[in-house]
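Contents: one structure, followed by commentary.
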Amino acid sequence: MCFSSSCAMLVAYLKPNMLRGVNADDLYLAKVFQFGDTTDPNAQLAALKFYGVKAKLVKNADFDTIKKQIDRGIPLPCGFLHHGTAAKPTGGGHWLCVIGYTPGAVIVHDPFGEFDVLNGGYISSKGARQAYSKKNWGPRWMVEGPKTGWAIIAE
């Protein structure tokens, strides 16, 4: 559900009247299921298109990509590995929505809660406006080296 929740956050920001209320994620999720599985980027892109958001999946993102999107006023869902340590991340992956940045961190809405970027795992259920250090989150996001981060880039 994290991929869908992160994309729903993007829709809610760019198209504020399209998804409203406490069940906004569920509305978006139902649309995703019309196009495929929640883990399928094509289903996510089709659902985004349904809600009027033109977007693409990229697998070559980096912190400059984040800066450019945020400076344009557009948040971006990003996929990363959330198990293991920052030095050796593992796992099937998790998605969050980057909403800002500082020189040393990304500011995110994490649908699962507050993530321990150094050690892995979640330490609280409060995921809104979390600051994840670039030093420890970056290797989890750009697992294969520089410019290998997965992100949904909206226009």
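The single condition from (1) assigned by TED's automatic domain parsing to the domain that holds Val143; (2) within 14 Å of Ala154 (Cβ to Cβ) that Asp110 fails is (2).
When Gln34 is tested against the conditions (1) surrounded by fewer than 13 Cβ atoms within 10 Å (Cβ to Cβ); (2) not aromatic (Phe, Trp, Tyr); (3) not in a helix (DSSP H, G or I), the lone failure is (3). Annotation note: of Ala87, Ala55, Ala154, the sole residue that is more than 21 Å from Cys7 (Cα to Cα), of a type outside the set (S, T, N, Q) and either out of contact with any Ser or Thr (no Cβ under 9 Å at 6 or more places or on another chain) or in the same structural domain as Ser6 (by TED's automatic domain parsing) (or both) is Ala87. May I ask you to say which residue of Gly113, Gly91 is out of contact with any helix residue (DSSP H, G or I) (no Cβ under 8 Å at 6 or more places or on another chain) and at pLDDT below 95? Among Gly113, Gly91, only Gly91 is out of contact with any helix residue (DSSP H, G or I) (no Cβ under 8 Å at 6 or more places or on another chain) and at pLDDT below 95. Hey, any hits in region 4-26 for a residue that's more than 15 Å from Cys97 (Cα to Cα) and either of a type in the set (Ser, Thr, Tyr) or part of a helix (DSSP H, G or I) (or both)? Yes; the residues of region 4-26 include at least one that is more than 15 Å from Cys97 (Cα to Cα) and either of a type in the set (Ser, Thr, Tyr) or part of a helix (DSSP H, G or I) (or both). The residues of region 89-111 that are assigned to a loop (DSSP other than H, G, I, E, B) and in contact with a Lys or Arg (Cβ under 7 Å, 6 or more places away or on another chain) amount to a single one, Gly104.
Taking (1) surrounded by 18 or more Cβ atoms within 10 Å (Cβ to Cβ); (2) at positive phi; (3) under 15 Å from the mean Cα position of the chain (by Cα) in turn, Gly113 satisfies each apart from (1). Please find, within region 63-81, the residue that is farthest from Pro111 (Cα to Cα) out of those that are part of a loop (DSSP other than H, G, I, E, B) and over 13 Å from the mean Cα position of the chain (by Cα). It comes out as Arg72. Scanning region 64-77 for residues that are over 18 Å from Lys15 (Cα atoms) and crowded, with 18+ Cβ neighbours inside 10 Å gives Thr65, Ile66.
Being in contact (Cβ under 8 Å) with a residue 40 or more places away in the chain and assigned to a loop (DSSP other than H, G, I, E, B) holds for only one residue in Ala47, Ala128, Ala86, and it is Ala86. When restricted to residues that are among the β-branched types (Val, Ile, Thr), assigned to a loop (DSSP other than H, G, I, E, B) and buried (at least 16 other Cβ atoms within 10 Å of the Cβ), region 131-155 contains 1.
The values are calculated or read from the model by the stated rules, or taken from the named source; none is laboratory data. No experiment lies behind these values; they were computed from the predicted model shown. Glycine also receives a Cβ, built like all others from the backbone with ideal geometry; neighbour counts cover every protein chain displayed.
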